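Following: one structure in structure tokens, then a few remarks.
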Amino acid sequence: MSIPKPEGSTLRLGSTAPDFKAETSRGPISFHEFIGDSWVVLFSHPDDFTPVCTTELGAFAKLQPEFEKRGVKLIGLSANTTDSHQAWIKDIDEVTGSHLTFPIIADPERKIALAYDMIDFQDASNVDDKGVQFTIRSVFIIDPKKKVRLILSYPASTGRNTAEVLRVIDSLQTGDRNRVTTPINWVPGDDVIVHPSVTNEEAKSLFPQFRVIKPYLRLTPLDSSK
Ligand code: BEZ
């Protein structure tokens, strides 16, 4: 399988997520068809039966209803076969009390990991001189236009934070629906920032309660239904 890297060698925010066909724990997929008109969180693992990753997959599975509420499909990737994934999923459900139903992509040759720049050292053999896996521990948020909107890479030692992934989705979707951005540590319900492209004149009608902290920093509450 050969997956061209998009727009040069580096996947960047705003790149189109590379398309690929792959086997998954739920059957074969074509990635762009899988995305369809949904948002997608794609997150990856270097190997099945790794401890930190086991806790992460269980946590994502338990939060699946929260992702679905936001129109987001979850999909994992791990550098092993589907048979191995099936056995790992049994363990994940046993250990974490989850019921994992989203697909986990089989990427035993790490071709998708390489195309997405997920490998921490650019070598598809992905093992160091002691036989320990280099990490494939990325999170991508992909929007319905198939554009990459967030890229995170985690070290092996540090479990991901599902609340942060949900928070970024809330921020991106709020920003796409309204002419706003979101400040540090924002969570839904907090004040948002009026987008710099909005003039004060426009802001008066769009955000009647906006206030000017500095000419470049204008805050406003936002109706939670927006
Ligand atoms: C883990 O604990 O999930 C892990 C271990 C080694 C490499 C990457 C991840």
Residue pairs, Cβ under 8 Å, 6 or more apart or interchain, first in region 205-224 and farther than 14 Å from N178 by Cβ, second open to solvent by 90 Å² or more (accessible area, probe 1.4 Å). List them.
Y216/P196
Scan region 54-91 for residues that are in contact with a Phe, Trp or Tyr (Cβ under 9 Å, 6 or more places away or on another chain), acidic (D, E) and open to solvent by 20 Å² or more (accessible area, probe 1.4 Å) and report the count.
1
Tally the residues that are under 23 Å from V72 (Cα atoms) and among the acidic types (D, E), restricting the search to region 168-207.
3
Could you tell me whether region 207-224 includes any residue that is surrounded by fewer than 18 Cβ atoms within 10 Å (Cβ to Cβ) and within 30 Å of I35 (Cβ to Cβ)?
yes
Considering only region 153-163, I want to know if a residue exists there that is within 16 Å of the ligand (Cβ to nearest atom), part of a helix (DSSP H, G or I) and either in contact (Cβ under 8 Å) with a residue 24 or more places away in the chain or open to solvent by 30 Å² or more (accessible area, probe 1.4 Å) (or both).
yes
Could you go through region 144-154 and let me know if any residue there is within 29 Å of P51 (Cβ to Cβ), among the β-branched types (V, I, T) and in the same structural domain as F34 (by TED's automatic domain parsing).
yes
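To keep it simple, each residue is scored yes or no on (1) closer than 26 Å to G71 by Cα; (2) in contact with a Lys or Arg (Cβ under 6 Å, 6 or more places away or on another chain); (3) among the hydrophobic types (A, V, I, L, M, F, W, C); (4) assigned to a loop (DSSP other than H, G, I, E, B).
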position: D176; (1), (2), (3), (4): yes, no, no, no
position: I184; (1), (2), (3), (4): yes, no, yes, yes
position: P188; (1), (2), (3), (4): yes, no, no, yes
position: P196; (1), (2), (3), (4): no, no, no, yes
position: E201; (1), (2), (3), (4): no, no, no, no
position: K204; (1), (2), (3), (4): no, no, no, no
position: P208; (1), (2), (3), (4): no, no, no, yes
position: V212; (1), (2), (3), (4): no, yes, yes, no
position: L222; (1), (2), (3), (4): yes, no, yes, yes
Kindly state which helices (runs of 4 or more DSSP H) lie completely within region 1-114 and contain at least 1 residues that are among the β-branched types (V, I, T).
31-35, 51-62, 82-96
Out of all the residues in region 24-56, which are farther than 15 Å from I112 by Cα, more than 13 Å from the chain's Cα centre (by Cα) and among the aliphatic types (A, V, I, L, M)?
V52
Filter result for the condition that a residue is surrounded by fewer than 18 Cβ atoms within 10 Å (Cβ to Cβ) and within 16 Å of the ligand (Cβ to nearest atom), over P51, P46
P51
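The values are calculated or read from the model by the stated rules, or taken from the named source; none is laboratory data. Just so it is clear, the structure is predicted and the values come from calculations on it, not from any experiment. Note: ideal-geometry Cβ built from the backbone for every residue, glycine included; neighbour counts use all protein chains shown. Each accessible area value is taken on the protein alone, full model and side chains, heavy atoms only, with ligands, DNA and RNA left out. Shrake-Rupley method; radii C 1.70, N 1.55, O 1.52, S 1.80 Å.
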